[in-house]
Amino acid sequence: MKKKTRVWILIVVAVVLLESGALYVLRPSAGRWRSDAVVKDEPAAHALYNQMIAALRSADSLSYRCSYSQPGQRVEQYLIWLKKPNCFRVEAINARGALTGTLVGDGAHLWIYWPGDCPLIDPEDTNIPREQWSTFYRTRATAVGRHSIAHDALDLGRGTHMLFIDPSTFHGYTDSLQPYLDGVAGRGTDKVGQEECDVIEVSFMNAQRTWYLWLSQRDHLPRRAKQILRGIGTYVDVEVWQDVAVNAEVPADKFAWSPPEGWRVWTSTDPATKLLKAGQLAPDFTLAALEGGKIKLSDFRDKIVWLYIWRSG
Amino acid sequence: MRAWELMKETLWRREYLWIVHVIWLACYGGFWWLLLPDPEEFGNLLFLWGGLLLPLALSAGIMGDDIASGRICVLVTKPFWSGKLYLYRLLGLSLQGALHFALAGVLVFVLHVITGKSAMAGVGRWLLSAWLLFNTFAALSTSLSVVVKRAHNSLLLFVATLTLAVVAGMLLHSLQGHVLEPLVTGFFRYPFPPLELLHHLGKGDYTKETLTVGGWQVATSVACVAHSVLLTAVYAGMGILLLTRREFLSQRE
């Protein structure tokens with residue numbers, strides 16, 4: 001056989017092998033499944049979901065580093081320590097690696113404080129002089145299983161996000177999505193780092209929200225979680241759990257904080273102060289009508305107007 | 001030297017080709033400046049405008065012009081292997097595409113810095129997938145140009161792509177849930193220019209925040225790029241085969 005022919009045969013074989021490999025990887029599979037509907041509940045997958053909740057609730061202490069990201073945005077970190085019955089600590093670290101705020105629960109109260117300016121001050125709507133924006137803290141009482149760390153974490157700095165797997169689940173809290181769970185389906189197994197995981201898909205509110213959870217086969221806790229929120233647009237959030245430690249010793253001082261001298265408590269403006277008084281004329285506004293066109297409040301003057309405000313997702 | 005001359009010739013063989021580049025770049029800039037797109041909308045424009053339509057505009061008559069004028073006989077005289085002519089023409093197109101997308105990236109970056117509009121996230125991914133698509137269409141169009149007269153290769157490819165897209169859409173719609181659906185999907189997905197796969201790549205469907213269940217899918221991204229490059233090579237191989245087997249007339253056809 002001529003040398004040239006042998007070279008051509010080699011090239012053709014290499015191309016065929018390479019293309020076969022590429023097609024094998026690109027083949028449609030359940031792992032690449034794209035959700036577009038409510039999942040059908042599978043008892044085995046639902047059991048994995050329940051096992052995750054049980055693993056969260058049965059631990060005496062839990063700590064992990066949660067990396068949170070959205071498409072096109074840089075990763076934020078949340079360092080989380082939880083201890084029974086009602087202790088917690090969350091440190092939020094922004095994309096530049098700077099601490100933006102700390103949330104501490106000492107069992108009876110929560111405390112939120114910030115290393116710099118209080119992010120809750122609205123620069124356009126405040127009478128506080130600029131040089132006095134720092135040394136603020138927030139506090140309030142917390143009852144066991146009745147408060148959401150995920151919601152409180154939103155106050156940890158400008159641009160912080162809500163963790164969709166609420167750390168308060170550890171303390172027995174049930175988030176508001178749970179009654180609207182449509183079903184849980186299995187999506188096979190996958191590896192996150194060195195951890196073998198079962199992957200499940202959880203759908204809420206007629207698939208207005210979908211969670212994909214990678215649950216460690218070792219401790220049944222998440223190692224990766226992805227939320228797809230389908231509202232007017234589609235939003236994706238990803239949480240990656242690292243350095244997960246269950247029932248490890250956590251120093252007591254992690255859950256203690258008291259305001260240093262000179263610090264002031266931050267109190268939000270009471271919304272009632274901004275409400276209209278009886279007899280005061282409502283400011284006019286225009287909204288898009290469902291049937292098309294516009295609706296103007298002033299068109300209904302002297303009539304009773306019922307404002308029904310709703311949201312989806 | 002001859003290779004470089006042939007590559008360069010792909011840009012200067014028709015007077016209007018540099019104008020096409022400028023108009024296309026102006027369209028990206030205008031879209032970014034006027035419509036405040038999100039990265040995905042901009043990516044879609046880059047993908048279809050630059051990945052699909054640009055190679056058709058640039059490759060019109062790429063071989064057919066020379067075949068029609070009889071100049072091909074001068075170009076493929078021995079000892080020059082006629083396959084090289086095809087290769088350098090395609091390489092010339094591919095280089096033009098690479099430069100075009102690099103300029104498009106610089107353009108939107110400058111606009112982004114000046115106007116502060118939109119975000120650059122994912123634009124690099126879109127540029128890569130648009131260039132890969134550009135190469136597949138460039139190869140297909142160049143191969144067609146060997147057998148189709150004058151500049152009809154681009155028009156024919158454009159019409160064929162549209163027809164195929166419509167037929168595929170109708171067939172797959174009517175076959176939803178049918179046992180033949182995966183077979184038909186595979187038929188349209190793999191042998192033809194990988195519009196769907198590269199669109200997924202550009203959109204970031206193989207990255208961490210994809211809508212699918214997967215996380216980072218480096219293997220999928222690599223497979224997607226490999227499939228696209230191999231497909232380009234296969235289309236080019238067919239063109240070279242056709243070119244080397246053709247007899248040309250030295251006078252105007």
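Which one of B:V110, B:V148, B:V123 has the biggest mean-square fluctuation once chain B is modelled by GNM with Cα springs under 10 Å? Judging by the Gaussian network model, the answer is B:V110. Fewest neighbouring Cβ atoms within 10 Å first, the residues B:F137, B:F47, A:F300, B:F192 line up as A:F300, B:F192, B:F47, B:F137. Rounded, prolate or oblate: pick one for chain B, where a ≥ b ≥ c are the square roots of the eigenvalues of its C-alpha gyration tensor, a/c under 1.5 means rounded, and failing that, prolate if a/b is larger than b/c, else oblate. Here chain B falls in the oblate category. Put in line by how crowded their Cβ is, counting other Cβ atoms within 10 Å and starting with the fewest, A:K83, A:K191 read A:K191, A:K83.
Compared with the dominant principal axis of the Cα atoms in chain B, helix B:218-245 is inclined by about 20°.
Once the Cβ-Cβ distance of A:I128 and A:L281 is raised to the sixth power relative to R0 = 30 Å, the FRET efficiency obtained is 0.45.
The label point for B:R246 and the one for A:I309, both projected 7 Å from the Cα toward the Cβ, are 7.0 nm apart.
Among A:D253, A:D270, A:D155, which one shows the highest mean-square fluctuation when chain A is modelled as a Gaussian network with alpha-carbon springs under 10 Å? Looking only at A:D253, A:D270, A:D155, the biggest GNM fluctuation is shown by A:D270. Taking only C-alpha pairs under 8 Å that are 6+ residues apart, what is the relative contact order of region A:201-241 in percent? Computed value for region A:201-241: 30 percent relative contact order. Couplings 3J(HN,Hα) for region A:190-197, derived from phi with the Karplus relation 6.51 cos²θ - 1.76 cosθ + 1.60 (θ = phi - 60°), are 7, 10, 10, x, 9, 8, 6, 10 Hz, where x marks Gly and Pro.
Shown is the FRET efficiency for B:L175 and B:A98, computed with R0 = 41 Å from the Cβ-Cβ distance and rounded to the nearest 0.05: 0.60.
Listed by chain and number, the lysines whose alpha-carbon sits under 28 Å from that of A:K277, ignoring those within fewer than 8 places in the same chain, are A:K294, A:K296, A:K303.
As a rough footprinting exposure proxy, the listed residues B:T163, B:T136, B:T244 were ranked by other beta carbons within 10 Å of their own, and the order from fewest upward is B:T163, B:T244, B:T136. Extension gain, A:K3 to A:R158, is 49.0 nm, computed as 0.36 nm per intervening residue step minus the present C-alpha separation.
A simple spin-label model places the labels of B:I114 and A:A98 3.1 nm from each other, with each point 7 Å out along Cα-to-Cβ.
For A:R140 and A:I53, a Förster radius of 30 Å and the Cβ-Cβ distance give a FRET efficiency of 0.70, rounded to the nearest 0.05.
For region A:116-185, the equivalent ellipsoid built from the Cα gyration tensor has semi-axes of 32, 14, 9 Å, listed from largest to smallest.
Remark on region B:26-163: ratio of C-alpha radius of gyration to 2.2 N^0.38 Å is 1.22. Mean-square fluctuations from a GNM of chain A, with a 10 angstrom spring cutoff on Cα atoms, peak among A:D106, A:D284, A:D122 at A:D284. Relative to the longest principal axis of the Cα atoms of chain A, the long axis of helix A:3-26 lies at roughly 40 degrees. Shown here: chain A, whose C-alpha atoms stretch 98, 61, 44 Å along the first, second and third principal axes, sorted largest to smallest.
Extending 7 Å from Cα along the Cβ direction at A:Q217 and again at B:L48 yields two label points whose distance is 4.5 nm.
Where the alpha-carbon atoms of the protein assembly as shown are placed on the principal axes, they occupy 95, 61, 49 Å, in descending order. Normalising the average separation of contacting C-alpha pairs (under 8 angstrom, six or more residues apart) by the number of residues puts the relative contact order of region B:2-245 at 28 percent.
Read-outs: derived from the displayed coordinates by stated rules, not from any lab. As the structure is a prediction and not an experimental result, all values here were calculated from the model. Virtual Cβ from ideal backbone geometry, glycine too; neighbours counted across all protein chains shown.
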